[in-house]
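The values are calculated or read from the model by the stated rules, or taken from the named source; none is laboratory data. Worth saying up front: this structure is predicted, and the values here are computed from it rather than measured. A quick note on method: Cβ atoms are made from the backbone with ideal geometry, for glycine too, and the neighbour counts reach across all protein chains shown.
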Amino acid sequence: MTALEKQPEAPAAGEPLVVLDGVNKWFGKLHVLQDINISIKRGEVVVVIGPSGSGKSTLCRAINRLETIDQGSIALDGDPLPQEGKALAALRADVGMVFQSFNLFAHKTILENVTLGPIKVRKKPKAEAEAKARELLDRVGVGVQAEKYPAQLSGGQQQRVAIARALAMEPKVMLFDEPTSALDPEMIKEVLDVMVSLAKGGMTMIVVTHEMGFARTAADRVIFMSDGAIVEENTPHEFFTNPQSARAKDFLGKILKH
Amino acid sequence: MEAVLDNIGLVGWAFAHTVLLFLFSGVLSLLLGTFLVALRVGPVVVLQRAAATYVTVVRNTPLLIILMFFQFAAPKLGVTFNFIDVQWGEVSMTSFFGAAVVSLSLYTSTFVCEALRSGVNSVPLGQAEAARAIGLSFGGVMSQVVLPQAYRASVPPLASVQIALLKNTTVAGVFGVMEALARMRILTNNFTGQKIGIFLAFAIVFVVLVEVLSFLASRLERRWRIA
Amino acid sequence: MRLIRTKAAFAAAALAFSLAACGEAGNDDEGKDLEGKEDAAASFEDGTRMKELAEAGSVTIGHKTDQPGVGFLAAGDDAPTGFDIEIAKILAAELGIDSADIKWVETISDNREPFLKEGENGKVDLVLASYSITDERRAEVGQAGPYMETGQQLLVKSDSDIDDVADVKGKEVCSVTGSTSLEQIEAQGAKPVGFEAYSDCVEKVLDGTVEAMTTDGTILMGYAAQNEGELKVVGEEFSEERIGVGYSLNNPEMCQFINDTLEKAFEDGSWEEAFTSTLGKSGVETPEPPAVDECPAA
C-alpha cells in the first residue's frame, strides 16, 4: 500500500459519510437541483455523469458549500453543513476539492500551494508540512517541480498538484469537478491514473466526469443526472450494459459512439 | 536658480517635509485602502455599503476641502492633532503635519481602494474558491491568495495613485507645513527676478522624486511578473 | 455626518467673512468715491502714459482682496475697500478719472510683477496691493512712494503671555505661505506655519492651534478690531515695510507723477482722510506720512 493510498482514518466502511436529503436549488426560475437524495458511504466511489447543464457540477460544489442550496439538507459525517464562518471553513478543510481549471494559486510555488492549507488551516509546523507535501508530490509524479510556479507546468501536472494539495489536508472525502475536461487528451491518463490509485486506496470520492473508462474501472456506483434531477442510479456494470431510462440510453448512445 | 542654491539647506529641509508627508501618508493610505477593499469585497453587506459610501464621498470631495475640514472644522468639534510634536532637525512635525497626513491618507486611501479593487476583480474567481476549498477563512483567503495577486495586478495603478499623492502633498503648504511649495513661494516672493529658475528647480526635484517612484514601481512589477 | 460637518465649517467660514465685511466697511462709510480732476489731460505732456490714461478716461489697478482695512473685497461686492483702494482713487482722480471708472483687478503676491510686465503697458497700470518696496522688485518693476510705513508685529489671544517677538522663539507662528512676514518670523527663530490667507491664521490663533500670527501691524490691527476682546496686537515692529505703488518700467515718467500726487495728498489731508476712513477705524492713531523715495533718474 503506497502513501497515496493510505487513509488518514481507518474507514468504517458502509457507514454513510455524505448524505443529501431533499436538496433543491434554483438559479432564478431555473430549477437546477430537483429533490436530490443521495447517501454516500465511507470508502465509496461515486461517479456522477450526465449531459452538460444537468446540474452535476452544481451538486458537487454544493457539497462543500461553494454553492448554497435553497431547500433540503446536506450532512457530512453526521453533521449538517454549517452556514458560514469558522465552522464552514473547518468543514471545507475536511472536504478535498479538485476543480476543472486546477485553480492552483498563481503566485505561490508548487510546494507552497500544497503546504498553504496544512500550515494556515491545520496549523502544522512548516517543516512537517513541507515533508508531507514533497511526499505527496512525489506520489503524483511532480516532485521535481516543487520549486516552480503553476504557470510553468503542463495542465496534467497542474491537476496532479491540485490533487496533492487537496490530499495534504487529509480530507474525509474528495470532490472532483470534471477534473480532466480542461486537459489535452495525452494528459488525461496521468490524472486518471492518480485518481484510480486513490480510489483503490479506499478514499471516499465523488467524481463528476465524462470519462466513462474511469467510471467502469473505479466507481462503485454511477449516478446519472439530467435537467437537475437524478434519473438513474446503479452499479457501473448495470448502468452501462442495461440503462433503464430513455434519457440515459440516449446519453450513452451519444457518448459511447465516439 | 541661484536663489535655490544659496538656500539649499532650507530647500532640502522643505523637501524633507514633502518626502515625510508622502511616506507617512503613503503607508497609511495603503493600509487603509487595503482595509477598505477587504470590506468592499467582503461578505458582510453592511460593511460593503459603508466602505462604498466612504469611498464615494471622500473620493469625490476635493482634497482641499478635506484639509479645510481637518484644519478649521474639526478643531471646533474637538478633533485636534495637538498631541503631535516631533522636531527633527528643521523638520517640524506638529498638529499641522498630523492633520495633513490624516487628510492625505484618508483621501488617497479611497484611490488605493479602487486601484486594489480592480486588482481583486482581475484575480480569477477560481483562486478564491480554491482557497476557500482548503478551509481558509475570509481573512485567510484575502491575505494569502486574493490580495497578494491583487497587489501584483495593481502595481501600475497604485504607482499612479502614490505619484499623485506625492504631488498632492504640496497642498499642505497652505495648511501650515513648511514643505517644498511653501519654501518655493518664499523664494519666489523674495527673489522676484529668478521666479522661472526657482520654479524649474523645484519642478526638477519633483520630477526626480516621481522618477524614483516610477523606477521602484517598475522594478516591483518586473520582479513579481516572473513569479 | 461628514457632509454635515463640512457644511458647518462652511457656514462658519461664511459667517466669518460677512463679519469681516461688516467690521471693515460699514455700509454707510465705504470710503468715498472721488471725481476726476477737470481737464487733467491738458496738464500732462504729450507722449506720457499719464496723458494716454487721462485721455482714455480709465485706469486699471491691481489690488488685494483679502486684507481687511487695506485691500479687501467682500463677497458679492463690486468694488474693493481699504487704505490701498483710497490711495488708488486719489491717484486716479489726479489723472482725471472718476473712481467709478477705475478697472479693479485682483492681484496676489505672486502675480504682481507679471501683471505689471505683461505687454507694453502691463495688464494693470498700477499695483496698490500692500506692495513692499524691495531692491529685488525694483529690478523688475517700478515702485513709487512709499505711501505707508508699517512693520511686522504679532497678533495673539488677549490672555496670551507673549509680549514680544522674543517670546515666540521655537513656537509656531502663522502667516501667509510665501510671504515676507513668514520668512522674517522664521529668521527670528519661530517655526513658520503658512496658510493661504490671513483670515486662516486668525482662525488658527482663535482656536489655539498656534499662539501667534504675524504680518504688518496695520493688517493685524484690522483683525484685532474685528475680534475685540479676543485678540490683541503685541510687540514692537520688528521689521520695516515700506508700501509703494507698482508701475511698469516702460513708463518711468509715472514715478514722478505718483510721488507728486502722494506728497500732495500728504499735505492736503486726503491721505489722512484715507487712513481714518479705513485702518483708522480700528482705533489706531493716524501716523505721520512717510517720505517718498526719489525717482530713479530717467
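When you go through A:Ala146, A:Ala168, A:Ala133, A:Ala162 one by one, which is the residue that is touching a strand residue (DSSP E or B) at 6+ places or on another chain (Cβ under 6 Å) and either of a type in the set (A, V, I, L, M, F, W, C) or farther than 20 Å from B:Gly126 by Cβ (or both)? Break it down into steps so the answer makes sense when it comes.
Numbers: A:Ala146 fails: touching a strand residue (DSSP E or B) at 6+ places or on another chain (Cβ under 6 Å); A:Ala168 fails: touching a strand residue (DSSP E or B) at 6+ places or on another chain (Cβ under 6 Å); A:Ala133 fails: touching a strand residue (DSSP E or B) at 6+ places or on another chain (Cβ under 6 Å).
Answer to the selection: A:Ala162.
What number of residues in segment B:184-220 are away from chain C (no Cβ under 14 Å) and either among the charged types (D, E, K, R) or closer than 30 Å to C:Arg138 by Cα (or both)?
Result for segment B:184-220: 7.
Scan segment B:78-89 and report the pairs whose first residue is within 16 Å of B:Leu21 (Cβ to Cβ) and whose second residue is small (Gly, Ala, Ser), with Cβ atoms within less than 6 Å and a gap of 6+ or a chain change.
Close Cβ pairs satisfying both conditions: B:Phe81/B:Ser95; B:Phe81/B:Gly98; B:Phe81/B:Ala99; B:Ile84/B:Ser95; B:Ile84/B:Gly98.
What residue, of B:Ala52, B:Ala100, is in a helix (DSSP H, G or I), aliphatic (A, V, I, L, M) and more than 12 Å from chain C (Cβ to nearest Cβ)?
Values: B:Ala100 fails: more than 12 Å from chain C (Cβ to nearest Cβ).
Just a single option satisfies the conditions, and that option is B:Ala52.
Among the listed residues A:Met187, A:Met195, identify the single one that is crowded, with 18+ Cβ neighbours inside 10 Å and in contact with a Ser or Thr (Cβ under 7 Å, 6 or more places away or on another chain).
Working: A:Met195 fails: in contact with a Ser or Thr (Cβ under 7 Å, 6 or more places away or on another chain).
None of the other options fit; the residue is A:Met187.
Do we have any residue at all in segment C:163-175 that's outside any helix (DSSP H, G or I), crowded, with 20+ Cβ neighbours inside 10 Å, free of Cβ contacts under 8 Å to residues at least 40 places away in the same chain and touching a Gly at 6+ places or on another chain (Cβ under 7 Å)?
No; the residues of segment C:163-175 include none that is outside any helix (DSSP H, G or I), crowded, with 20+ Cβ neighbours inside 10 Å, free of Cβ contacts under 8 Å to residues at least 40 places away in the same chain and touching a Gly at 6+ places or on another chain (Cβ under 7 Å).
Just one of (1) within 26 Å of C:Thr214 (Cβ to Cβ); (2) charged (D, E, K, R); (3) in a loop (DSSP other than H, G, I, E, B) trips up C:Glu113, so point out which.
The single condition C:Glu113 does not satisfy is (3).
Only one of these is over 15 Å from the mean Cα position of the chain (by Cα) and either of a type in the set (Val, Ile, Thr) or in a helix (DSSP H, G or I) (or both): C:Ala92, C:Ala88. Name it.
Only one candidate qualifies: C:Ala92.
Go through (1) of a type outside the set (Ser, Thr, Tyr); (2) in contact with a Cys (Cβ under 9 Å, 6 or more places away or on another chain); (3) within 14 Å of chain B (Cβ to nearest Cβ); (4) part of a strand (DSSP E or B) one by one and return the number of the condition C:Ala129 breaks.
The one condition C:Ala129 does not meet is (2).
So, of the residues in segment B:55-74 that are over 22 Å from C:Gly208 (Cα atoms) and either basic (Lys, Arg) or buried (at least 18 other Cβ atoms within 10 Å of the Cβ) (or both), which turns out to be nearest to the other protein chains (Cβ to nearest Cβ)? Break it down stepwise before answering.
To start, the set of residues in segment B:55-74 that are over 22 Å from C:Gly208 (Cα atoms) comprises B:55-63.
With the extra rule that they be either basic (Lys, Arg) or buried (at least 18 other Cβ atoms within 10 Å of the Cβ) (or both), the set shrinks to B:55, B:58-59, B:63.
Values: B:Val55: 12, B:Val58: 8, B:Arg59: 12, B:Leu63: 13 Å.
Step by step, filter segment B:55-74, then rank; the result is B:Val58.
Looking at segment B:71-97 only, could you name the residues that are assigned to a helix (DSSP H, G or I) and within 13 Å of B:Ser25 (Cβ to Cβ)?
B:Phe97
I need the full set of residues from segment A:86-120 which are at the interface with another protein chain (Cβ under 7 Å from one of its Cβ atoms) and charged (D, E, K, R), in order please. Can you show your working first?
So in segment A:86-120, the residues at the interface with another protein chain (Cβ under 7 Å from one of its Cβ atoms) come out as A:86, A:89-90, A:92-93, A:97, A:99, A:101, A:103, A:105-107, A:116-117, A:120.
Once the filter is applied, which keeps residues that are at the interface with another protein chain (Cβ under 7 Å from one of its Cβ atoms) and charged (D, E, K, R), segment A:86-120 yields A:Lys86, A:Arg92, A:Lys120.
Any idea which residue in segment B:169-183 is nearest to B:Val91 (Cα to Cα), counting only those that are touching a residue at least 12 places away in the same chain (Cβ under 8 Å) and at the interface with chain C (Cβ under 7 Å from one of its Cβ atoms)?
So the residue we want is B:Met178.
Go through segment A:38-92 residue by residue and tally those that are in a strand (DSSP E or B) and over 18 Å from the mean Cα position of the chain (by Cα).
Qualifying residue count for the region: 5.
Restrict the check to segment A:222-235 and report whether at least one residue is in contact (Cβ under 8 Å) with a residue 40 or more places away in the chain, of a type outside the set (Asp, Glu) and more than 14 Å from A:Lys56 (Cα to Cα).
Checked against the condition, which is being in contact (Cβ under 8 Å) with a residue 40 or more places away in the chain, of a type outside the set (Asp, Glu) and more than 14 Å from A:Lys56 (Cα to Cα), segment A:222-235 yields no hits at all.
Just one of the numbered conditions (1) away from chain A (no Cβ under 14 Å); (2) more than 30 Å from B:Thr170 (Cβ to Cβ); (3) of a type in the set (Phe, Trp, Tyr) is not true of B:Phe138; which one?
(1)
Does segment B:32-45 include one or more residues that are within 14 Å of chain A (Cβ to nearest Cβ) and surrounded by 14 or more Cβ atoms within 10 Å (Cβ to Cβ)?
yes
Condition first: modelled with pLDDT of 80 or more and of a type in the set (Lys, Arg). Can you find one or more residues in segment C:18-40 that meet it?
Scanning segment C:18-40, I find no residue that is modelled with pLDDT of 80 or more and of a type in the set (Lys, Arg), so the answer is no.
Being over 15 Å from the mean Cα position of the chain (by Cα) and in a helix (DSSP H, G or I) is the filter here, so list the residues in segment B:56-70 that pass it. If you could, list the steps in order and put the result at the bottom.
Residues of segment B:56-70 over 15 Å from the mean Cα position of the chain (by Cα): B:56-57, B:60-61, B:65, B:68-70.
Matches in segment B:56-70: B:Thr56, B:Val57, B:Ile65, B:Met68, B:Phe69, B:Phe70.
Pick out, from segment C:182-238, the strands (runs of 3 or more DSSP E) lying fully within it that include 2 or more residues that are within 11 Å of chain B (Cβ to nearest Cβ) and either under 23 Å from B:Leu187 (Cβ atoms) or out of contact with any His (no Cβ under 6 Å at 6 or more places or on another chain) (or both).
Correct list: C:191-195.
Kindly indicate whether any position in segment C:134-142 is within 14 Å of chain B (Cβ to nearest Cβ), touching an Asp or Glu at 6+ places or on another chain (Cβ under 8 Å), assigned to a loop (DSSP other than H, G, I, E, B) and among the aliphatic types (A, V, I, L, M).
Scanning segment C:134-142, I find at least one residue that is within 14 Å of chain B (Cβ to nearest Cβ), touching an Asp or Glu at 6+ places or on another chain (Cβ under 8 Å), assigned to a loop (DSSP other than H, G, I, E, B) and among the aliphatic types (A, V, I, L, M), so the answer is yes.
List the residue pairs whose Cβ atoms are under 6 Å apart, where the first residue sits in segment C:108-137 and is at negative phi, the second is acidic (Asp, Glu), and the two are 6 or more positions apart or on different chains.
Qualifying pairs under 6 Å: C:Glu113/C:Glu140; C:Leu128/C:Asp84; C:Ser132/C:Glu241.
Condition check: assigned to a strand (DSSP E or B), buried (at least 20 other Cβ atoms within 10 Å of the Cβ) and more than 14 Å from the chain's Cα centre (by Cα). Does C:Val124 satisfy that?
Judged against the criteria, C:Val124 is not a match.
Being buried (at least 20 other Cβ atoms within 10 Å of the Cβ) and either modelled with pLDDT of 90 or more or within 26 Å of C:Val193 (Cα to Cα) (or both) is the requirement here; does B:Ser105 meet it?
Yes; evaluated as a whole, the condition is true for this residue.
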